[in-house]
1. How much of the accessible area of the chain, probe 1.4 Å, is carbon plus sulfur, in whole percent?
2. Can you find, among 50, 222, 91, the residue farthest towards the positive end of the dipole of the chain? Put +1 on the C-beta of Lys and Arg, -1 on that of Asp and Glu.
3. Work out, step by step, the length gained on full extension between residue 38 and residue 140: first 0.36 nm times the residue separation, then minus their alpha carbon distance; give nm to one decimal.
4. Around residue 225, with a cut-off of 12 angstrom between Cβ atoms, what is the net charge of the other residues, counting Lys and Arg +1 and Asp and Glu -1?
5. Given H placed on each backbone N at 1.01 Å, which residues far from residue 242 in sequence or on other chains put an amide H within less than 5 Å of it?
6. Just how large is the dipole of the range 158-231 about the Cα centre, in debye to the nearest 20, putting +1 at every Lys and Arg Cβ and -1 at every Asp and Glu Cβ?
7. Short version: ³J(HN,Hα) in whole Hz for each residue of the range 125-138, in order, from phi by Karplus 6.51 cos²θ - 1.76 cosθ + 1.60 (θ = phi - 60°), x for Gly and Pro, what are they?
8. Report ³J(HN,Hα) in whole Hz for each residue of the range 194-210, in order, from the Karplus equation J = 6.51 cos²θ - 1.76 cosθ + 1.60 where θ = phi - 60°; Gly and Pro get x.
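The values are calculated or read from the model by the stated rules, or taken from the named source; none is laboratory data. For clarity, every value in this text was computed on a predicted model and none was experimentally measured. Using ideal geometry, Cβ is built from the backbone for each residue, glycine included, and neighbour counts are taken over all protein chains shown. Heads up: the accessible areas ignore ligands, DNA and RNA and are worked out on the full protein's heavy atoms, side chains in. Shrake-Rupley method; radii C 1.70, N 1.55, O 1.52, S 1.80 Å.
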Amino acid sequence: MSEKQTDFFENPDLEKASSSAGKEVPFFLSAENIYKKFRIGKTSIEVLKGVSLQIREGVWTALYGASGSGKTTLLDILGTISKPDSGSVTIAGVPVESLSGNDLVHFRRKNIGFIFQSYHILPELNLLENVMLPSLLEGEKSSGARARAMELLEMVGLKDRIRHRSNELSGGEQQRAAIARSLMNRPKLLLADEPTGNLDHETGTGILELFQSIRQHSEATILMVTHDQSIAGLADYTVKLSGGRLAEENIASNPL
(Lines give C-alpha, C1' and ligand atoms only; values in the text may rest on other atoms or scores of the structure.)
Protein backbone atom coordinates (compact mmCIF):
# COMPACT_ATOMS: atom_id res chain seq x y z
CA MET A 1 0.00 0.00 0.00
CA SER A 2 1.31 3.43 -0.91
CA GLU A 3 2.05 6.15 1.65
CA LYS A 4 -0.87 8.19 0.29
CA GLN A 5 -3.28 5.27 0.72
CA THR A 6 -2.19 4.77 4.30
CA ASP A 7 -2.72 8.46 5.03
CA PHE A 8 -6.42 8.09 4.19
CA PHE A 9 -6.87 6.15 7.42
CA GLU A 10 -4.17 7.23 9.87
CA ASN A 11 -5.58 8.90 12.97
CA PRO A 12 -2.86 10.17 15.34
CA ASP A 13 -5.44 11.52 17.82
CA LEU A 14 -7.03 8.12 18.28
CA GLU A 15 -3.65 6.42 18.64
CA LYS A 16 -2.79 8.91 21.37
CA ALA A 17 -6.10 8.30 23.14
CA SER A 18 -5.57 4.56 23.03
CA SER A 19 -1.99 4.67 24.29
CA SER A 20 -2.91 7.09 27.07
CA ALA A 21 -4.77 4.32 28.83
CA GLY A 22 -1.32 2.92 29.68
CA LYS A 23 -2.20 -0.67 28.95
CA GLU A 24 -2.85 -3.01 26.07
CA VAL A 25 -6.35 -2.75 24.60
CA PRO A 26 -7.59 -6.31 23.99
CA PHE A 27 -10.56 -5.22 21.87
CA PHE A 28 -10.85 -2.09 19.76
CA LEU A 29 -14.61 -1.84 20.33
CA SER A 30 -16.32 -3.34 23.35
CA ALA A 31 -19.95 -3.17 24.46
CA GLU A 32 -20.91 -4.71 27.77
CA ASN A 33 -24.45 -5.64 28.84
CA ILE A 34 -26.27 -3.00 26.79
CA TYR A 35 -29.94 -2.40 27.58
CA LYS A 36 -32.19 0.10 25.81
CA LYS A 37 -35.91 0.83 26.09
CA PHE A 38 -38.13 3.21 24.15
CA ARG A 39 -41.41 4.56 25.46
CA ILE A 40 -44.33 5.05 23.10
CA GLY A 41 -47.18 6.61 25.02
CA LYS A 42 -47.70 4.43 28.07
CA THR A 43 -45.99 1.46 26.45
CA SER A 44 -42.34 0.64 27.15
CA ILE A 45 -40.56 -1.39 24.47
CA GLU A 46 -37.31 -3.11 25.39
CA VAL A 47 -35.21 -3.04 22.21
CA LEU A 48 -31.83 -4.27 23.50
CA LYS A 49 -31.71 -6.85 26.25
CA GLY A 50 -28.20 -7.21 27.63
CA VAL A 51 -26.09 -7.18 24.45
CA SER A 52 -22.33 -7.71 24.85
CA LEU A 53 -20.06 -7.46 21.84
CA GLN A 54 -16.29 -7.29 21.34
CA ILE A 55 -14.57 -6.42 18.05
CA ARG A 56 -10.85 -6.48 17.39
CA GLU A 57 -9.09 -3.71 15.49
CA GLY A 58 -9.11 -3.99 11.70
CA VAL A 59 -11.92 -6.54 11.54
CA TRP A 60 -14.95 -6.15 9.26
CA THR A 61 -17.96 -7.29 11.30
CA ALA A 62 -21.46 -7.64 9.90
CA LEU A 63 -24.37 -7.26 12.30
CA TYR A 64 -27.41 -8.84 10.69
CA GLY A 65 -30.96 -9.66 11.63
CA ALA A 66 -34.58 -9.03 10.78
CA SER A 67 -36.21 -5.61 10.85
CA GLY A 68 -36.96 -4.61 14.43
CA SER A 69 -34.24 -6.78 15.96
CA GLY A 70 -32.40 -3.75 17.38
CA LYS A 71 -29.54 -3.44 14.87
CA THR A 72 -29.76 0.29 14.22
CA THR A 73 -30.35 1.05 17.90
CA LEU A 74 -27.19 -0.84 18.81
CA LEU A 75 -25.23 0.89 16.04
CA ASP A 76 -26.35 4.31 17.30
CA ILE A 77 -25.17 3.43 20.80
CA LEU A 78 -21.81 2.13 19.56
CA GLY A 79 -21.43 5.31 17.52
CA THR A 80 -22.16 7.48 20.60
CA ILE A 81 -25.22 9.00 18.89
CA SER A 82 -27.47 7.70 21.67
CA LYS A 83 -26.86 6.38 25.17
CA PRO A 84 -27.88 3.01 26.59
CA ASP A 85 -30.15 2.82 29.61
CA SER A 86 -27.43 0.70 31.18
CA GLY A 87 -24.20 -0.93 30.09
CA SER A 88 -20.93 0.49 28.78
CA VAL A 89 -19.13 1.11 25.50
CA THR A 90 -15.35 1.38 25.13
CA ILE A 91 -13.63 2.49 21.91
CA ALA A 92 -9.84 2.17 21.65
CA GLY A 93 -9.54 2.02 25.41
CA VAL A 94 -11.68 5.13 25.95
CA PRO A 95 -14.85 4.59 28.06
CA VAL A 96 -17.45 6.53 26.09
CA GLU A 97 -19.54 7.23 29.19
CA SER A 98 -16.63 9.28 30.55
CA LEU A 99 -17.11 11.81 27.73
CA SER A 100 -19.82 14.44 27.49
CA GLY A 101 -20.64 17.69 25.75
CA ASN A 102 -17.99 19.01 23.39
CA ASP A 103 -15.53 16.26 24.35
CA LEU A 104 -17.96 13.61 23.12
CA VAL A 105 -18.73 15.54 19.92
CA HIS A 106 -15.01 15.95 19.19
CA PHE A 107 -14.30 12.29 19.90
CA ARG A 108 -17.11 11.21 17.57
CA ARG A 109 -16.09 13.50 14.72
CA LYS A 110 -12.43 12.52 14.86
CA ASN A 111 -12.72 8.82 15.48
CA ILE A 112 -15.94 7.50 13.97
CA GLY A 113 -17.11 7.60 10.36
CA PHE A 114 -20.82 7.10 9.66
CA ILE A 115 -22.40 5.77 6.48
CA PHE A 116 -26.20 5.73 6.40
CA GLN A 117 -28.77 4.10 4.17
CA SER A 118 -30.19 7.50 3.17
CA TYR A 119 -26.83 9.13 2.26
CA HIS A 120 -27.55 12.49 4.02
CA ILE A 121 -25.89 14.53 1.27
CA LEU A 122 -26.81 18.15 2.06
CA PRO A 123 -28.71 19.63 -0.93
CA GLU A 124 -27.50 23.19 -0.37
CA LEU A 125 -23.84 22.13 -0.78
CA ASN A 126 -22.09 20.67 -3.79
CA LEU A 127 -20.35 17.31 -3.60
CA LEU A 128 -16.94 18.70 -2.74
CA GLU A 129 -18.36 20.89 0.02
CA ASN A 130 -20.30 17.95 1.48
CA VAL A 131 -17.17 15.83 1.71
CA MET A 132 -15.09 18.68 3.17
CA LEU A 133 -17.62 19.45 5.91
CA PRO A 134 -16.49 17.06 8.69
CA SER A 135 -12.92 18.35 8.46
CA LEU A 136 -14.01 21.99 8.45
CA LEU A 137 -16.14 21.38 11.54
CA GLU A 138 -13.00 20.15 13.29
CA GLY A 139 -11.14 23.35 12.45
CA GLU A 140 -9.13 22.16 9.45
CA LYS A 141 -8.06 24.92 7.06
CA SER A 142 -10.10 25.10 3.87
CA SER A 143 -7.08 24.38 1.66
CA GLY A 144 -6.20 21.21 3.56
CA ALA A 145 -9.78 20.01 3.67
CA ARG A 146 -10.20 20.62 -0.05
CA ALA A 147 -7.04 18.71 -0.94
CA ARG A 148 -8.04 15.70 1.14
CA ALA A 149 -11.64 15.74 -0.14
CA MET A 150 -10.39 15.76 -3.73
CA GLU A 151 -8.18 12.73 -3.03
CA LEU A 152 -11.05 10.83 -1.46
CA LEU A 153 -13.48 11.72 -4.23
CA GLU A 154 -10.97 10.44 -6.76
CA MET A 155 -10.62 7.26 -4.72
CA VAL A 156 -14.38 6.60 -4.92
CA GLY A 157 -14.57 7.54 -8.61
CA LEU A 158 -16.26 10.94 -8.34
CA LYS A 159 -13.53 13.43 -9.24
CA ASP A 160 -15.59 14.65 -12.22
CA ARG A 161 -18.72 15.29 -10.14
CA ILE A 162 -17.41 17.66 -7.47
CA ARG A 163 -19.58 20.64 -8.49
CA HIS A 164 -22.81 18.65 -8.66
CA ARG A 165 -25.49 18.79 -5.99
CA SER A 166 -27.46 15.87 -4.60
CA ASN A 167 -30.37 16.23 -7.07
CA GLU A 168 -27.88 15.78 -9.91
CA LEU A 169 -26.41 12.56 -8.55
CA SER A 170 -27.58 8.96 -8.65
CA GLY A 171 -28.12 7.00 -5.44
CA GLY A 172 -24.87 5.14 -5.98
CA GLU A 173 -22.94 8.37 -6.49
CA GLN A 174 -24.42 9.85 -3.33
CA GLN A 175 -23.45 6.78 -1.35
CA ARG A 176 -19.91 6.88 -2.72
CA ALA A 177 -19.73 10.52 -1.69
CA ALA A 178 -21.00 9.57 1.76
CA ILE A 179 -18.23 6.99 2.06
CA ALA A 180 -15.65 9.60 1.06
CA ARG A 181 -17.12 12.01 3.63
CA SER A 182 -16.95 9.33 6.34
CA LEU A 183 -13.19 9.02 5.76
CA MET A 184 -12.39 12.75 5.90
CA ASN A 185 -11.17 12.82 9.51
CA ARG A 186 -9.24 9.55 9.16
CA PRO A 187 -11.47 7.51 11.47
CA LYS A 188 -10.36 4.12 12.69
CA LEU A 189 -13.98 3.01 13.11
CA LEU A 190 -16.52 2.97 10.26
CA LEU A 191 -20.17 2.32 11.10
CA ALA A 192 -22.46 1.57 8.15
CA ASP A 193 -26.23 1.17 8.48
CA GLU A 194 -27.67 -0.77 5.51
CA PRO A 195 -25.39 1.09 3.05
CA THR A 196 -26.86 -0.75 0.03
CA GLY A 197 -30.47 -0.72 1.23
CA ASN A 198 -31.67 1.99 -1.18
CA LEU A 199 -29.68 0.78 -4.18
CA ASP A 200 -30.30 -1.70 -6.98
CA HIS A 201 -28.30 -4.91 -7.00
CA GLU A 202 -25.65 -3.78 -9.49
CA THR A 203 -25.05 -0.43 -7.78
CA GLY A 204 -25.05 -2.07 -4.36
CA THR A 205 -22.43 -4.55 -5.54
CA GLY A 206 -20.18 -1.62 -6.46
CA ILE A 207 -20.58 -0.14 -2.99
CA LEU A 208 -19.69 -3.47 -1.39
CA GLU A 209 -16.59 -3.67 -3.59
CA LEU A 210 -15.59 -0.27 -2.22
CA PHE A 211 -15.95 -1.60 1.32
CA GLN A 212 -13.79 -4.57 0.33
CA SER A 213 -11.12 -2.18 -0.91
CA ILE A 214 -11.23 -0.22 2.35
CA ARG A 215 -10.95 -3.48 4.28
CA GLN A 216 -8.00 -4.71 2.21
CA HIS A 217 -6.01 -1.48 2.06
CA SER A 218 -6.45 -0.07 5.54
CA GLU A 219 -6.56 -0.95 9.21
CA ALA A 220 -10.04 0.50 9.60
CA THR A 221 -12.45 -1.39 11.82
CA ILE A 222 -15.80 -1.75 10.07
CA LEU A 223 -19.17 -2.58 11.59
CA MET A 224 -21.91 -2.93 8.98
CA VAL A 225 -25.60 -3.45 9.70
CA THR A 226 -27.55 -5.46 7.16
CA HIS A 227 -30.68 -7.60 6.94
CA ASP A 228 -29.14 -9.59 4.06
CA GLN A 229 -27.22 -12.65 5.17
CA SER A 230 -25.42 -12.90 1.82
CA ILE A 231 -23.98 -9.41 2.35
CA ALA A 232 -23.07 -10.32 5.92
CA GLY A 233 -21.10 -13.26 4.54
CA LEU A 234 -18.63 -10.89 2.87
CA ALA A 235 -17.38 -9.76 6.27
CA ASP A 236 -14.65 -11.34 8.40
CA TYR A 237 -17.05 -11.92 11.24
CA THR A 238 -20.84 -12.06 11.51
CA VAL A 239 -23.08 -11.41 14.48
CA LYS A 240 -26.80 -12.13 14.41
CA LEU A 241 -29.15 -10.02 16.51
CA SER A 242 -32.62 -11.39 17.22
CA GLY A 243 -35.21 -9.98 19.58
CA GLY A 244 -32.72 -7.58 21.13
CA ARG A 245 -30.21 -10.31 21.95
CA LEU A 246 -27.20 -11.80 20.20
CA ALA A 247 -28.36 -15.04 18.68
CA GLU A 248 -25.09 -16.30 17.18
CA GLU A 249 -21.58 -15.29 16.19
CA ASN A 250 -19.50 -16.73 13.34
CA ILE A 251 -16.28 -16.22 11.49
CA ALA A 252 -17.31 -15.78 7.84
CA SER A 253 -16.63 -18.69 5.52
CA ASN A 254 -15.13 -16.38 2.91
CA PRO A 255 -13.22 -13.65 4.76
CA LEU A 256 -11.37 -11.12 2.58
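1. Of the solvent-accessible surface of the chain, carbon and sulfur hold 47 percent.
2. Highest projection toward the positive end goes to 50.
3. Numbers: separation 102, 0.36 × 102 = 36.72 nm, distance 3.76 nm.
Here the answer is 33.0 nm.
4. Taking every Cβ under 12 Å from that of residue 225, the sum is -2.
5. 247
6. So the magnitude is around 500 debye.
7. 10, 7, 4, 4, 5, 4, 6, 5, 3, x, 6, 5, 5, 8
8. Here the 3J(HN,Hα) series is 6, x, 10, x, 9, 10, 6, 4, 5, 5, x, 4, x, 5, 5, 5, 5 Hz.
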